[in-house]
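Below is one structure, written out as structure tokens, with a few remarks after it.
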Amino acid sequence: MKKYKYIPLLFVAIMGMASCSDFLNEESGDEVIVKTAADYKELLLGSGYPSPTGKLYNVLYLLDDDYMLNEKSMWDPNTDYAGAVSAYPFFTWQPDMWEDQNVNKTYYDDVYSMTYERIVGANAVLDGIDNATGGSRKDIDIIKAEALALRGYYYFMLVNIFGKPYCVDKGSLGVPLKLNADMETSGLKRNTVEEVYQQIVADLEESSALLKQYPKTRGDFRFNIPSVNIILCRVYLQMENWDKVIEAATNSIDNGNPISNYTLLPAKYGTFATYDYSEVELLYGNGYSTCSLPGFKVSDELLSEYAENDTRKTLWFNNGNVYKKRLGSKRTPTNALRISEAYISRAEAYARKGDAANAWKDLNHLRENRYTDYKANQPTDISDLLNEILKERRLELCFDEVRWFDLRRNDMPAITHLYKTKQVDQWQKFVLKDNDAMYTLPLPNEVIQENPSLKQNESATLPTRTPIE
């Protein structure tokens with residue numbers, strides 16, 4: 001019988017998922033004994049999967065070019081709007097973003113520490129699941145596959161927030177690899193980006209192989225084979241391994257449900273993060289969508305990219321505001337992994353390889369299910385086709401935790417944000433330059449104080465970012 005020690009927060013999360021009956025046996029204040037496959041399944045749900053009450057990666061939406069401040073939210077023209085004040089260090093890319101005392105933790109979680117807490121939950125399952133009692137081989141394999149998928153997903157998020165892009169400098173520092181449930185981190189150094197990616201790939205590929213042995217499940221808020229391979233697509237795109245992108249995307253498509261045809265849906269704004277829509281393979285976490293981030297709206301630039309016959313513009317947005325693109329209450333998962341991502345990822349990989357025919361086939365299939373009165377018009381030049389695919393990727397996957405990462409792997413372009421806190425104020429222009437060091441976020445100072453073995457990123461030493469005249 002294994003014993004796992006958790007910090008109190010994890011213990012509370014576990015207890016919040018089940019009663020105190022025969023699910024968990026408390027032996028002391030910080031020890032939980034997990035024995036059966038059913039125990040591990042509940043442990044993973046409570047301490048491994050993203051919390052439906054948290055907003056773990058909301059800060060990513062403030063960094064890219066898909067959001068802008070909404071002046072209409074500043075109701076009192078002479079009073080600082082709290083939503084803008086709270087978002088300031090992220091929205092203006094400040095080097096002390098994690099230390100700013102005005103940040104509202106209700107909307108912006110401590111990305112680094114909270115992600116590692118979830119990794120520890122997945123590790124706790126992986127440490128003991130092979131010795132679990134009371135479950136079939138299938139039960140154990142599926143629980144293990146889910147834990148591996150979660151660990152791979154979390155490390156992918158961490159290394160793309162705090163490490164340089166793989167395609168730019170895979171030998172640079174990534175994040176520490178913590179592969180057991182022990183909470184001790186003192187002395188743990190940062191692994192390279194390449195080493196972290198090797199672990200991510202190993203975890204996700206093993207997860208996919210385990211899940212492939214059994215019939216696909218769907219609708220239970222847990223990873224299945226299509227959703228694992230959608231994450232693998234994201235990983236291999238960052239690595240520029242186009243053949244592996246195609247393989248993972250095809251695996252997802254072959255085992256997944258069809259794309260939902262938006263053109264057949266009622267012409268009013270709505271939502272698609274429910275299992276009622278065929279293309280949704282996994283619901284998880286709780287992103288921006290219960291309401292838009294306070295004081296923000298979809299950027300004018302993004303909205304302008306949607307054609308008038310693009311059903312997503314009507315179905316996802318209401319007068320420029322994010323309108324619950326993903327349905328959910330405070331305790332309902334609202335992020336989604338959809339089969340459409342596999343098609344657009346595969347289209348990009350084909351185009352990068354110069355295979356225009358297959359790239360166009362996948363892009364065209366997605367568009368047929370998004371545009372009314374659609375008329376196919378294939379570009380003759382492969383570079384033009386690739387540009388259309390990348391544009392379609394932005395439109396299809398906006399607010400799906402991918403835009404910031406896509407900008408990082410595609411030349412890290414300059415971004416401009418307009419900022420103010422009062423309606424009567426003049427707009428201030430803040431600029432993230434081409435290849436800006438802030439494309440790799442600084443580590444929180446608190447984390448480095450707790451573990452002096454960690455080396456800080458260059459972005460932490462940048463001067464305070466000021467408005468551009």
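A cut-off under 13 angstrom between Cβ atoms defines the neighbours of VAL201, and their net charge, with Lys, Arg +1 and Asp, Glu -1, is -2.
Residues whose amide H falls under 5 Å from that of ARG338, counting only those 5 or more places apart or on a different chain, are GLU281, with hydrogens built in the peptide plane.
In whole percent, what relative contact order does the stretch 395-456 give with Cα contacts below 8 Å and a gap of six or more residues? Could you put the intermediate results ahead of the total?
Details: 46 pairs, mean separation 15.0, N = 62.
Relative contact order comes out at 24 percent.
Selection among VAL34, ASN451, TRP242 by position relative to the dipole of the chain gives VAL34 as farthest towards the positive end (Cβ unit charges, Cα centre). Note that the stretch 381-392 has calculated 3J(HN,Hα) couplings of 9, 5, 5, 5, 5, 4, 4, 5, 5, 5, 5, 4 Hz, one per residue in order, obtained from phi through the Karplus relation 6.51 cos²θ - 1.76 cosθ + 1.60 (θ = phi - 60°); glycine and proline are x.
Within straight-line reach of LYS313, meaning a Cα separation under 14 Å, sit the following aspartates and glutamates at least 8 residues removed in sequence or on another chain: ASP66, ASP300, GLU301, GLU305, GLU392, GLU396.
Computing semi-axes √(5λ) of the Cα gyration tensor in Å for the structure here picks out one of (1) 38, 29, 20; (2) 33, 29, 22; (3) 40, 33, 18, namely (2). In percent, rounded to a whole number, the relative contact order of the stretch 34-116 is 37, using alpha-carbon pairs under 8 Å and six or more apart.
So what's the back-of-envelope 222 nm ellipticity for the chain, counting only DSSP H runs of four-plus at -39500 (n - 2.57) apiece and dividing by all residues, rounded to 500?
-13000 deg cm²/dmol
What a 1.4 Å probe finds exposed on the chain is 49% carbon and sulfur by accessible area, rounded to a whole percent.
Among beta bridges identified by DSSP and lying wholly in the chain, the antiparallel ones come to about 95 percent.
For the stretch 444-449, 3J(HN,Hα) computed residue by residue from phi via the Karplus equation (6.51, -1.76, 1.60; θ = phi - 60°) reads x, 4, 4, 5, 5, 5 Hz, glycine and proline entered as x. In this structure, the amide hydrogen of ILE33, modeled 1.01 Å from its nitrogen in the peptide plane, lies closer than 5 angstrom to those of ASN25, GLU27, counting only residues at least 5 positions away or on a different chain. Relative contact order of the stretch 129-264: 23 percent, from C-alpha pairs under 8 Å at least 6 residues apart in sequence.
Within the set LYS144/LYS164; LYS35/LYS212; LYS178/LYS216; LYS41/LYS216, which residue pairs have Cα atoms separated by over 23 Å? Display every interim value, and only then the final one.
Numbers: LYS144/LYS164 30 Å; LYS35/LYS212 26 Å; LYS178/LYS216 30 Å; LYS41/LYS216 17 Å.
Checking Cα-Cα distances, LYS144/LYS164; LYS35/LYS212; LYS178/LYS216 exceed 23 Å.
Close amide H contacts of PHE296 (hydrogens built in the peptide plane, cut-off under 5 Å, sequence separation of 5 or more or a different chain): ASN70. In a simple Cβ point-charge model (Lys, Arg +1; Asp, Glu -1; nothing else charged), the stretch 109-219 has a dipole of about 320 debye relative to its Cα centre.
Residues with beta-carbon under 15 Å from that of VAL228, excluding VAL228: net charge, scoring Lys, Arg +1 and Asp, Glu -1? Mind dumping the intermediate values first?
On the way: positive: LYS144, ARG151, LYS212, LYS216, ARG218, ARG222, ARG234, LYS244, ARG338; negative: ASP141, GLU146, ASP203, GLU205, GLU206, ASP220, GLU247, ASP254, GLU281, GLU341.
With Lys, Arg at +1 and Asp, Glu at -1, the neighbours total -1.
Using a probe of 1.4 angstrom and keeping all protein chains present, the accessible surface of the chain works out to 41 square angstrom per residue.
The values are calculated or read from the model by the stated rules, or taken from the named source; none is laboratory data. Only a predicted model underlies this, so the values are computations on that prediction, with no experimental measurement involved. Cβ coordinates were reconstructed from backbone atoms using ideal geometry, including for glycine residues, and neighbour counts include every protein chain displayed. Note: areas computed on protein heavy atoms with side chains; ligands, DNA, RNA excluded. Shrake-Rupley method; radii C 1.70, N 1.55, O 1.52, S 1.80 Å.
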